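Following: one structure in structure tokens, then a few remarks.
The values are calculated or read from the model by the stated rules, or taken from the named source; none is laboratory data. The structure displayed is predicted, hence computed values, not measured ones. No Cβ is skipped: glycine too gets one built from the backbone with ideal geometry, and neighbour counts run over all protein chains shown.
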Amino acid sequence: MKTKTKKLFAIVLLLAISISFIMTYLSLPPRPLEDLTQRYDVTRLTTSPADDRNLVWSPDGSKIFFKSDSYICVMDSDGSNMTKLAEGRHATLSPDGSKIFYRQIKEGLYQAGVMNADGSRREEIAELTFIPSVLTT
């Protein structure tokens, strides 16, 4: 009986300690976002209030493809000549940089598409019945 009581006490104590750590962590104020351009020698390439992310460099390094809100965009590597190519997200370049594969939502359905790197010849290639985890960020 004493062994069972000791084990039960140890489990309850471990649970109480775990809960106290979790509660302490949850009560901490969130860390403020930090503008890394203030800390490091970097150049900000976009200035729009849009949600710019998921950048992909062209194989030759001359272009940057990225998502801006719900559009796939491209710009020169120095930040100039920004162009919206098409509505879509999660751009991935072909190894030679000539094609862009992307995901879009059209009429409530997820679709995979492909287009030339300049945004021409857009083609929906598949309707997705599920979203692979690599396409959700």
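Restricting to segment 79-110, name every residue that is more than 21 Å from Asp51 (Cβ to Cβ) and in contact with a strand residue (DSSP E or B) (Cβ under 9 Å, 6 or more places away or on another chain).
Ser94, Gly97, Ser98, Lys99, Leu109
Residues in segment 98-123 that are loosely packed, with under 13 Cβ neighbours inside 10 Å and outside any loop (DSSP other than H, G, I, E, B): how many?
Number of matching residues: 3.
In segment 82-104, how many residues are within 16 Å of the chain's Cα centre (by Cα) and of a type in the set (Lys, Arg)?
Summing the residues that are within 16 Å of the chain's Cα centre (by Cα) and of a type in the set (Lys, Arg) in segment 82-104 gives 2.
Which of the following residues is touching a helix residue (DSSP H, G or I) at 6+ places or on another chain (Cβ under 7 Å) and of a type outside the set (S, T, N, Q): Arg103, Arg53? Can you show your working first?
Details: Arg53 fails: touching a helix residue (DSSP H, G or I) at 6+ places or on another chain (Cβ under 7 Å).
Of the residues listed, the single one that is touching a helix residue (DSSP H, G or I) at 6+ places or on another chain (Cβ under 7 Å) and of a type outside the set (S, T, N, Q) is Arg103.
Residue check, Ala50 against (1) modelled with pLDDT of 80 or more; (2) surrounded by 12 or more Cβ atoms within 10 Å (Cβ to Cβ), all met but one. Which one?
(1)
Please tell me if Arg89 is touching a helix residue (DSSP H, G or I) at 6+ places or on another chain (Cβ under 9 Å) and touching a residue at least 12 places away in the same chain (Cβ under 8 Å). Write out each step before concluding.
Values: touching a helix residue (DSSP H, G or I) at 6+ places or on another chain (Cβ under 9 Å): yes; touching a residue at least 12 places away in the same chain (Cβ under 8 Å): yes.
Taking the combined requirement at face value, the residue satisfies it.
Could you figure out which of (1) surrounded by 10 or more Cβ atoms within 10 Å (Cβ to Cβ); (2) touching a residue at least 12 places away in the same chain (Cβ under 8 Å) isn't true of Thr43?
If we test Thr43 against (1) surrounded by 10 or more Cβ atoms within 10 Å (Cβ to Cβ); (2) touching a residue at least 12 places away in the same chain (Cβ under 8 Å), just (1) comes out false.
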